[in-house]
Amino acid sequence: MDAANPTAIEIVALTKRYSVDIAPAVDQIDLRIASGSYCCLLGPSGCGKSTTLRMIAGHESVTQGDVLLENRNITRLPAAARGTAMMFQSFALFPHLSALDNVAFSLKMKGVAKAERQRRAGALLERVAMGHLAQRKPAELSGGQQQRVALARALITEPRVLLLDEPLSALDPFLRVQMRAELRRWQKELGLTFIHVTHSQEEAMALADTMVVMNHGLIEQVGSPHSVYNHPASEFVARFMGGHNVLATPEGLVAVRHDHMQIALAAEGAATPGLPAQITDIEYQGTFVLLGLMLADAPPAMQSVSVMLPEARYLAQPFELEQMVRLSWAPEHARVLGPGAQRPAPRATVPAKPRRDELAAMAA
Ligand code: ADP
Ligand code: MG
C-alpha cells in the first residue's frame, strides 16, 4: 500500500442479497478508498449505492464479504463502534432543538454530562463557523447554515469516515450547487474521508477525487472524474456520464465526445467523407450550440447522436433543421468501449474471524 496515501475503507467481495430468488443488490464488489479523499458512489437508481453505503455504516447486514476501516475488520461491528458517521438527505435536523442541542444529541444519548456535551458541541460549531448561531433553531438558519450544523452533528462522534447518502438531492438546484461547493471545502479543510452517494454525474464530477460508477450491483469503473469522463470503460459508462456519442465502427463500439465530433455539409454530387446524418434539433446553449442528429445508416437504438459546436463556429456557418451532413472524428478522440462489468461467479470466501478488540467493541 502507498504509505503517503493509506486506505481508509477497503471493501472485499462485499455482497448483499435481499432475497434468494433475485440477483444480489451488491455482488462481490472490491474497492479501496484512499484516506482523506472525496469518493462518490455514482449510478442510476437501484444500482446498489445506498446498500453499499449502509453496509459500510453498519445499518445493513452483510451477506458476504468484508468491510475494513484503516485495516480493522468492522464488518460485524455495530454502527456506533465503527468510526463512521452518516449525514442524511436534507440534513434531517431536529426542528425543535437548537443548533447546539442538535449537535450534542448523540452525546446526550451516550450519557455524557450536560456541561461536557455542550462544550464539545460548541467547539464543533465554532469549527464550522457557526458558534454565533448556536442557539438558533433549524428553521431560523439558511440552507448553508443547516448543512454546517448537520456536518457538526455528524462529526461529534469523531468519525474517521463520513458517509453521505444523496445529501443534496432534495434541495433546489441553486442551493444544491452552493451546498456542494461548501461540502467540498469542508472535506478538504477537515482532511476527512467522505463517501458520498449520488445519482447525478454532474454532482459526482464536481465533488469527487474518485468516482465509483455502479450498475446492477457491480462496479463498472473507478477513477478520477477526468479519467472516467475521457476514458469511459463501457457503453454503460459513456451513456450514463453523458456528453458522448456511442458509435459502431469496424473496431467495435467507440465513444466520441459531443464536442469532438466534426460536422460538414454533404456537398451535392461529391462524396463527402463521414457518416451521413440529418439534423433534427438545434439548441442554443450560450457558449455552445447543441445539434441533435439521426444517423442514416445505424440501427434504431444507435441512431441518435449529438454534436456540440462552439457558438462562434456555429455563427460562422449556421446549420438548418433537416439538413443532411457528414459526421467524423479524429482517431485519437475515439475511445474503444469494453463489454462492461460482468456478474462474477460465486467466490469461496472464508469468513474472517472477529479480532479480540472487535469482540470487545461488539459486547460494549
Ligand atoms: P440505489 O441507492 O443505488 O438507488 P439501493 O441500494 O437502494 O439502490 O437498492 C439496490 C437494489 O436493492 C434495488 O433493486 C432495491 O429495490 C433493492 N433493495 C434496497 N433495499 C431493499 C430492502 N430493504 N429490501 C429488499 N430490497 C431492497
Ligand atoms: Mg439510494
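Bear in mind that the values in this text are calculations on the coordinates, not laboratory data. If you're wondering where the values come from, they're calculated on a predicted model, not measured in any experiment. Reconstructed Cβ throughout: ideal geometry from the backbone, glycine too, with neighbour counts over all protein chains shown.
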Residue-span extension gain [SER169 to HIS96] - 0.36 nm each, minus C-alpha spacing: 23.9 nm
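To the nearest 20 debye, what is the magnitude of the charge dipole of the chain about its Cα centre, counting +1 on the Cβ of each Lys and Arg and -1 on the Cβ of each Asp and Glu? Walk me through the numbers on the way to the answer.
Values: 35 positive and 35 negative charges, 433 e Å.
About 2080 debye.
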At R0 = 45 Å, FRET efficiency that the Cβ-Cβ distance of ARG313 and GLU70 yields, to 0.05: 0.30
Proximal charge balance of SER169 [Cβ under 13 Å; K/R count +1, D/E count -1]: -2
Net charge dipole size for region 1-145 [Lys, Arg +1 and Asp, Glu -1 on Cβ; Debye, nearest 20]: 620 debye
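What is the sum of charges around GLU140, taking Lys and Arg as +1, Asp and Glu as -1, for the other residues whose C-beta is under 15 Å from the C-beta of GLU140?
So the surrounding residues net to +2.
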Most mobile of THR287, THR193, THR75 in a GNM of the chain (Cα contacts under 10 Å): THR287
Stretch gain in nm, segment GLN323-ASP281, where the contour uses 0.36 nm per residue and the Cα spacing is subtracted: 14.1 nm
At 1.306 mPa s and 10 °C, Stokes diffusion of region 249-336 via Kirkwood alpha-carbon radius, µm² per second: 118 µm²/s
Most mobile listed residue (ILE263, ILE219, ILE195) in the chain, GNM with C-alpha springs under 10 Å: ILE263
Highest-MSF residue in the chain out of LYS114, LYS137, LYS49 [GNM, Cα springs under 10 Å]: LYS114
Bridge type composition, the chain - antiparallel percent by DSSP, nearest 5: 70 percent
Amide N proximity, region 310-329 versus ALA264 label position 7 Å along Cα-to-Cβ, cut-off under 14 Å: 325-329
Dimensions (Å) - region 7-233, Cα atoms, principal axes, largest first: 49, 38, 31
Sum of side-chain charges, GLU202 neighbourhood, beta-carbon under 13 Å (Lys, Arg +1; Asp, Glu -1): +1
Förster-model FRET efficiency, 22 Å R0, SER142 and ALA181, C-beta, rounded to 0.05: 0.90
Stretch gain in nm, segment LEU290-TYR18, where the contour uses 0.36 nm per residue and the Cα spacing is subtracted: 93.6 nm
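So what is the relative contact order of the chain, in percent, for Cα pairs below 8 Å that sit 6 or more residues apart?
It rounds to 18 percent for the chain.
Output the pairs from LYS110/LYS137; LYS108/LYS137; LYS49/LYS108; LYS16/LYS188 with a Cα-Cα distance over 26 Å in this structure; if there are none, say none.
From the list (LYS110/LYS137; LYS108/LYS137; LYS49/LYS108; LYS16/LYS188), the Cα-Cα distance tops 26 Å for LYS49/LYS108; LYS16/LYS188.
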